[in-house]
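Only the coordinates and a few stated rules stand behind these numbers; no lab work does. None of these values were measured; they are calculated from a predicted model. FYI the Cβ positions are ideal-geometry reconstructions off the backbone, even for glycines, and counts take in every protein chain you see.
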Amino acid sequence: MQMDVETRGCKCHLLDLPWEDVLVTHIFCHVPLRHLVRLQRVSKQFYALIQVYLSNCRTFDLTQIGPSLPKEAFCNMLKDNKVIQNLSVQNCSDWVTDKELLPVIGQNQHLQRVDMRGCVRLTRHSLVAVSLSCTHLQHLGLAHCEWVDSLSIRSLADHCGDLRSIDLTACRQLKDEAVCYLARKCVKMRSLSVAVNANITDVSVEEVAKNCRELEELDLTGCLRVRNDSIRTVAEYCPKLHSLKVNHCHNVTESSLDPLRKRNVDIDVEPPLHRALVLLQDVVGFAPFINLQI
């Protein structure tokens, strides 16, 4: 890496530029985090500079670094930061616990987006801490966090009314009661996934539809107890819906999906005729000409 620029016989070092006003604000924000982590190994000055950057960065996404970040490095990188707005610890799912995450949440009250997908070693205490500290939270990823329970969801709903999206895929402890409470409290919700949860019924889906009129995306994949009635309610109350996932919802049929298709809602289940043609093609090896206007 070329660190010096010669101008009229004078050498200008990169480190001579104003750190917070230039390097941190206008340059390092465009450099991938994994490169900055490596850069701090160059010298003590670069280490100090990267620490200044880490204490001021608004987005901290560990997927940019890779799965090999030690927990000690994680704690050290975030110990002085109190201004994070977007935090993703998905890549730390194998080792991150409440012990590492709670201090970060406690000192970053401006968090708007938190991604804890797949972090199986956390407990409800981390989610309760998010709800109490981060009242401006808008986006939350909790997919495959089976420790999420009704108590923690109620705390979230009570304190984070501005929530716009939440991914509760495979949070199998949750039942209708918790989802209904969330829907009544977080009426600005635009994206919701309660996929892969056999506890979810029409009761939850109808409550979401009637309270979250701004809903744009709904994922019900694998919700085996969801039926046509709730899908019709979604069609009636959610005019902005543009994506619906109902794959493996065996009690949802075309009679409830057709009105949504006519509104150009993207549905992950093909119409029956299309599925029949695909099956026929697989069986006989070609798709016969069929006049669909008959």
In whole angstrom, the spacing between the Cα centers of the range 101-164 and the range 185-218 equals 18
Helix-only [θ] at 222 nm, the chain, -39500 (n - 2.57) per DSSP H run of 4+, per residue, nearest 500, equals -10500 deg cm²/dmol
The ³J(HN,Hα) series, computed from each phi in the range 172-188 with the Karplus coefficients 6.51, -1.76 and 1.60 at θ = phi - 60°, rounded to the nearest Hz and given as x for glycine or proline, is 6, 6, 6, 10, 3, 4, 5, 5, 5, 5, 4, 5, 6, 8, 10, 6, 8
Expected sort for 27-39, 204-216 on mean C-beta neighbours within 10 Å, highest first, is 204-216, 27-39
Checked the range 158-230 with the C-alpha gyration tensor, a ≥ b ≥ c its square-rooted eigenvalues, rounded below a/c of 1.5, otherwise prolate if a/b is larger than b/c and oblate if not; verdict prolate
The ³J(HN,Hα) series, computed from each phi in the range 24-31 with the Karplus coefficients 6.51, -1.76 and 1.60 at θ = phi - 60°, rounded to the nearest Hz and given as x for glycine or proline, is 5, 7, 10, 10, 5, 5, 9, 9
Expressed in nanometres to one decimal, the distance between label points 7 Å along Cα→Cβ at Val22 and Val42 is 1.4
Links exceeding 30 Å between C-alpha atoms in this model, out of Lys210/Lys262; Lys79/Lys240; Lys71/Lys245; Lys44/Lys79; Lys185/Lys240, come to Lys79/Lys240; Lys71/Lys245
For the range 81-96, Karplus-derived ³J(HN,Hα) couplings (6.51, -1.76, 1.60; θ = phi - 60°; whole Hz; x for glycine and proline) come out as 8, 10, 10, 5, 10, 10, 10, 10, 10, 4, 6, 9, 4, 6, 9, 5
Non-local residues with an amide H under 5 Å from the amide H of Asp115, with H modelled 1.01 Å from N and Pro and chain starts lacking one, are Leu87, Ser88, Val89, Gly141
